[in-house]
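The values are calculated or read from the model by the stated rules, or taken from the named source; none is laboratory data. Everything numeric here is computed off the predicted structure, so don't read it as measured data. Cβ coordinates were reconstructed from backbone atoms using ideal geometry, including for glycine residues, and neighbour counts include every protein chain displayed. Heavy atoms of the whole protein, side chains included, go into the accessibility calculation; ligands, DNA and RNA do not. Shrake-Rupley method; radii C 1.70, N 1.55, O 1.52, S 1.80 Å.
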Amino acid sequence: MTHDPSFSELSAQNIPAGWRADVSAQLQSGEAILAELVFDLDHQLHFVQGLVLVTNRRVLSRAPDASWSAWVYQPGLAMHLYDHAGVGHLELLDSQGRLAHWCFTLACNLHAIRVVDQFQIHQTSCVSGEPPVLPEGHVCPSCKAPLAPDQDECPICTKVIHTPPSTWTLFRLWRFAKPYRGQLLAGLVLTLLGTAASLVPPYLAMPLMDEVLIPFQNGQHIEPMVVAGYLAGLFGAALLAWGLSWAKTYILALVSERIGADLRTTTYDHLLRMSLEYFGGKRTGDLMSRIGSESDRICVFLSLHLLDFASDVLMLVMTAVILISINPWLALVTLVPLPFIVWMIRSVRFRLQTGFEKIDRVWSAVTSVLADTIPGVRVVKAFAQEDRESARFREANKQNLAVNDRINKIWSVFAPSISLMTELGLLVVWGFGIWLVSQSEITVGVLMAFISYISRFYGRLDSMSRIVSVTEKSASAAKRIFDILDHVSSVPEPTQPVKLTHVQGRIDITDVSFRYGNREVNKGINLTINPGEMIGLVGHSGSGKSTLVNLICRFYDVSEGSIKVDGVDVRALPVADYRRHIGLVLQEPFLFFGTIAENIAYGKPHATRAEIIAAARAAHAHEFILRLAQGYDSMVGERGQGLSGGERQRISIARALLIDPRILILDEATSSVDSETEKEIQNALENLVKGRTTIAIAHRLSTLHRADRLVVLDRGQVVEVGTHDALMAAQGAYFNLYEAQARNMDVDMDDRSQVRLNDRKNDK
C-alpha cells in the first residue's frame, strides 16, 4: 500500500501498516491524503489509537473501534486546535455546534498543526470557489509540508522563531571592548600610520621610473646617489610598514583575546544565574557551542578580520585621495566596477545572514548529539544502540552538510564574480591610461604608479567584499551569545533585597499554584512548617512533590500565592544568600570530576579536612572512603564513575550536611541505596534533623516513620496532613498508598522466597 498514489510519502510512514488497507478502501477515486493525525487518547484520556485524515475532498476519522466518519468541506465548517494541561485537543465544528473531538498527547502536536493547515487551505477553497492555493517549491524533509522555493525551514517543524542576525549586533560588543579603548585607539593609530607607510613605495616609483629608468634607457646619465636615495626610501617605507603592522597586530590580538575571555566569562556567569526553566528548554551541546566556538569566532573576527577591514577602509580612502591628486579622470575610471560590487554585496548579504545562522544551529545540533551520547555511553551500550546513535549523528551531520552546501553555492558565485569585476576594472584603467600616455596627458611613471595603486585598491576592495562572509558569521555568533545575555531569568534577584541574618526555618506556603507551560503542576497548596519540624511529602509519581520542593528552593517562582521563610517572601531574599541556608540531597546524586574531599566540600570550599571527615562520618561514608586507594584524595570520575549508587548518594548527603543548613531537603535521598545502607543513613539523619527544618520525599513510605507530619499530595493538591498513625486511622489517601505498597512488598518477598526454594530444589 505504500505505493498507492492516494498515500503521500508521509502518510505511508505515519499511518500504521495494519490500517492502510482499511484507509485505502475508504478513499474515493482521485482522493488524496494531504495530512494525517494518529491520535492516542480518548475523551477519558485513556491510551487508544485512532486516525484523522484531511484529504483534498473531506475530513475522515477512524475511531478506536475501527468505525469511520466523514465530513465534506462546506461553508461554516471549522477546525480548532488547542492544548490544556499537557493534552492536545482538535475540534471539528459547524454552525450547529461540535461535530467531532479528538484528544492526543503533545508529541502528536506537529501532525495536528499540519492537519489544521491543510484543512484551512481546502476549506477556504470550498467557500471561495477558487482552486486551493498551494505553495510551490520543495517539501520539508521531516513533515513533508510544502515549502516556498526560497524557504529552507518548515514553519511547522521550527518551534523557535529565528530572526536573521543583523550586522549591527556586532556593535553591541562595545560594552566588552570599552575597558580596552586606550589599546584600541593605539591600534587604530598604528593602523593609520602603517597604511600610510605602505602607500609610500608606489609614490616613489613615479620619479624612479620617469627620472631614472626611462632617461637611462634613452642613454642619459643617472646619479647613483639619486638611485640610492630612492631605494633607501623604498626600504625605509617597507621597514616602517612592517614594524607598525607588527605592533598593531600584537596589541589588537591581545585586546581581542581579552574581549573574548570577558565575553565567555560574562555569558557563563549569566547562564549560571538562569532558572531551571531556561535549561529545560535548551540542549547542553547548543549552550556549549555558543560559549565555546561562537565566542572563539568573535575573537578571531576582532583580532584579524576587523583589523583587516579597518586597514582596507583606510587603504581605500587614502589611495583614492592619492589617485585623485595624480589624475582625477583616471581616478574616476577606477571607480567603474564599484557600483556593481556594491550591488552584489547587497544582494548576497541577506542570504549569508540567514544561512550562517542556520549553520550555527545545525552545528549545535551536531554537538548536542555528542553531548547526549558521550555522557550516556553506558546506556547506549547497555541497550545496544550504537547503530542508532551513529545514525542520529550521521543525520545531524548530513543536515549540517546540506546547509553548508547552500552557502558554498552562493559564495562560489559571489567571490569569483567580485574578482572578475576588479580584473575588468584594472583592464579599463590600463586601456584609458595607455590612451592618456599616447596623448601626453600623463607619463609612463604616472601610469605605472597608478597601476600599482589600482592593484592595491582593487585588492583591498576584493578583500572587503570577502569579509562580508566573516562579518555575517561573526554577527550570527554574536546574536546567539546575546540571546543568552538578553534572556531575563524567571527567578529574578529582588530590587530591594531583604537580608536574613539568622534563619529559624519556619516555612509558610500560602495558596501556592505553579504552572509549567500549559500544565498545572501544583494548585492551591497551603502548609505551615515549623522550625525544626520534619515533614514527609508522599504521593503518587507526578503528584507535585518534587515541584513543591523546587519552589521552596526557588529553582522556580510560584505562579500564584507565596512561600515565606521566617515571615519573609523568598522572592524578596537574595537568591544565593537564601540557598546557602538550604541543604539539598537530590534523587539522582551528581558528583563532579575531582577528589572525594573536593566533592564533599563543594558547598564549603574552604572546609578543613576535619570538617569533611565529620560530615562523611555523619553520612556513614567514612568507612568506604578509607577503603579507596587514596582515601579522601581518591579521584572521582565524571558524574561519579567508579562509585556505586549508594556511595555516590552518601557523598551527596555528606556534601549537604557539611554546610550545616537550617533547612534540609531530602528528595528521595535513600532511593539509590540498599536496605542495610538505608538504615545506616536513617540512623545518621535521626540526630542531624533535630533543630533543623527537614522536608523529606521518599518512595518507600516506611522510611518516613520519624517524620513529625506527613503531607499527602494528589494531582498537585494537598489532600491529607497528619502523623502516620492518624492518617492510617483515617483510612484515606495515605492509607491506600501504604497498603498498596505493603502488598507489593509482600508479593516481592514471596517471589524472592519462591526463587530461593526453586534454587534449593535444583541444587538437590
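Here are some notes:
- ³J(HN,Hα), Karplus 6.51/-1.76/1.60, whole Hz, each residue of the range 726-731, x for Gly, Pro: 5, 6, 5, 5, 6, 6
- Under 12 Å, Cβ to Cβ, from residue 126 - net charge with Lys/Arg +1 and Asp/Glu -1: +1
- Take each peptide in 652-660, 235-243, 507-515, 492-500, count the other Cβ atoms within 10 Å of every residue, and average; sorted highest first, the result is 652-660, 507-515, 235-243, 492-500.
- 3J(HN,Hα) along the range 710-718, derived from phi through the Karplus expression 6.51 cos²θ - 1.76 cosθ + 1.60 where θ = phi - 60°, amounts to 10, 10, 9, 10, 9, 6, x, 10, 7 Hz, with x in place of Gly and Pro.
- Contact order normalised by residue count of the range 500-539, Cα under 8 Å, 6+ apart, percent: 39 percent
- Extension gain from residue 72 to residue 272, taking 0.36 nm per residue of separation minus the Cα-Cα distance: 66.5 nm
- Cut-off 12 Å between beta-carbons: net charge of the residues surrounding residue 175, Lys and Arg +1, Asp and Glu -1: +2
- Residue-wise HN-Hα coupling along the range 325-338, computed from phi with Karplus coefficients 6.51, -1.76, 1.60 (Hz; x: Gly, Pro): 5, 7, 7, x, 5, 5, 5, 5, 4, 4, 7, 4, x, 4
- Gain in span if fully extended, residue 189 to residue 742, counting 0.36 nm per residue against the direct Cα distance: 190.9 nm
- Shape call, the range 12-131: gyration tensor on alpha carbons, a/c limit 1.5: oblate
- What the Cβ-Cβ distance of residue 430 and residue 181 gives, at R0 = 41 Å and to the nearest 0.05, is a FRET efficiency of 0.40.
- 29 Å Cα-Cα threshold exceeded, pairs from 358/523; 381/479; 248/473; 523/564: 358/523; 381/479
- Distant-in-sequence amide H partners of residue 636 (H built 1.01 Å from N, under 5 Å): 594, 595, 596
- Once the C-beta distance of residue 321 and residue 222 is scaled by a Förster radius of 35 Å, the resulting FRET efficiency is 0.70 to the nearest 0.05.
- Computed in the context of the full set of protein chains, the accessible area of the range 39-93 at 1.4 Å probe radius has 55% of its extent on carbon or sulfur.
- Prolate/oblate/rounded call for the range 40-84, Cα gyration tensor, a/c under 1.5 rounded: oblate
- C-alpha center-to-center spacing [the range 195-254, the range 556-633] in angstrom: 70 Å
- Full-extension gain in nm, residue 63 to residue 721, via 0.36 nm per residue minus C-alpha separation: 232.5 nm
- Global geometry of the range 458-605, whether rounded, prolate or oblate, following the gyration tensor of its Cα atoms and the 1.5 cut on a/c: prolate
- Amide H to amide H, with H built 1.01 Å from N, residue 35 comes under 5 Å of 54, counting only residues 5 or more places away or on other chains.
- Our note on the geometry: Cα centres of the range 38-71 and the range 367-397, 35 Å apart.
- Near residue 261: Cβ cut-off under 13 Å, other residues only, Lys/Arg at +1 and Asp/Glu at -1. The net charge is -2.
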